[in-house]
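Read through the structure below, which is laid out as structure tokens, and then see the notes.
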Amino acid sequence: MSIQREGAQFSNINYLTAYLGVREFGYEVELFRWEEFDVLPITRECIVSGGIPVVLKALAKLACPAPFLPAIPDSIAEFAGRSTWAATMGAVRSRFADAVTAPLFFKPLPHDTKLFNGTVAREFRDLIATAHLSAEFPVLCSETVDLVSEYRVFILHREAIGCRHYKGSFRLFPDFGVADAARRGE
């Protein structure tokens, strides 16, 4: 197994967990940095653990089609608490060019998900970090929501197998009735 790292450390808890798990089973683990990826001996028998760009690059190296990863699957869109739509950077810039407008969250579409972090723009100057992107560059937009706590529920074969706190107040626990309804597609 090959696991991505940054410097001498794991870049997040998921990579450390993968490392500890496979090591516990006695498998050989190779750690690599992004700059070292191209020299990794990637085979169909080698599991690669890393960020989305790393996994997509590993699939491409194996000539495997990458799965489509929607930001919010249609089956659970009603649970998102906000509307989302596809747009372009040009449309986002136009929205803020001349008028005062409501804040807007935007991020790259799933195939470019790590090109830049999702951003809330409140005024034109909030778009500076994306100035290098063409007007035609596609993005996913949504209304903004006030997130006070973020948890992720992990689903395997339509069953919840875990839950992890990511940001905000850990004291505000998710409503598992809503999580169960979303996983069942109700």
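The values are calculated or read from the model by the stated rules, or taken from the named source; none is laboratory data. Please read all numbers here as calculations on a predicted model, not as lab measurements. So basically every Cβ, Gly included, is an ideal-geometry build from the backbone, and we count neighbours across all protein chains shown. In case anyone asks, the SASA skips ligands and DNA or RNA and just uses the protein heavy atoms, side chains included. Shrake-Rupley method; radii C 1.70, N 1.55, O 1.52, S 1.80 Å.
So the values come out like this:
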| read-out | value |
| --- | --- |
| Given (1) in contact with a Pro (Cβ under 7 Å, 6 or more places away or on another chain); (2) surrounded by fewer than 16 Cβ atoms within 10 Å (Cβ to Cβ); (3) modelled with pLDDT of 85 or more, index of the condition Pro70 fails | (3) |
| Long-range neighbours under 6 Å by Cβ, at least six apart or interchain, first residue more than 10 Å from Ala179 (Cβ to Cβ) within region 150-161, second open to solvent by 100 Å² or more (accessible area, probe 1.4 Å) | Glu150/Lys167; Phe154/Ile161 |
| Matching residues in region 136-154 - criterion: being within 16 Å of the chain's Cα centre (by Cα) and more than 17 Å from Gly118 (Cβ to Cβ) | Tyr151, Val153, Phe154 |
| Strands (runs of 3 or more DSSP E) contained in region 98-170 and holding at least 1 residues in contact with a Gly (Cβ under 7 Å, 6 or more places away or on another chain) | 104-108, 149-156 |
| Given (1) under 24 Å from Leu56 (Cα atoms); (2) modelled with pLDDT of 90 or more, number of the condition Thr119 does not satisfy | (2) |
| Qualifying residue in region 77-94 (condition: at pLDDT below 90, over 30 Å from Asp175 (Cα atoms) and not in a strand (DSSP E or B)) | no |
| Selection within region 95-116 - of a type in the set (D, E, K, R) and at pLDDT below 90 | Asp98, Asp112, Lys114 |
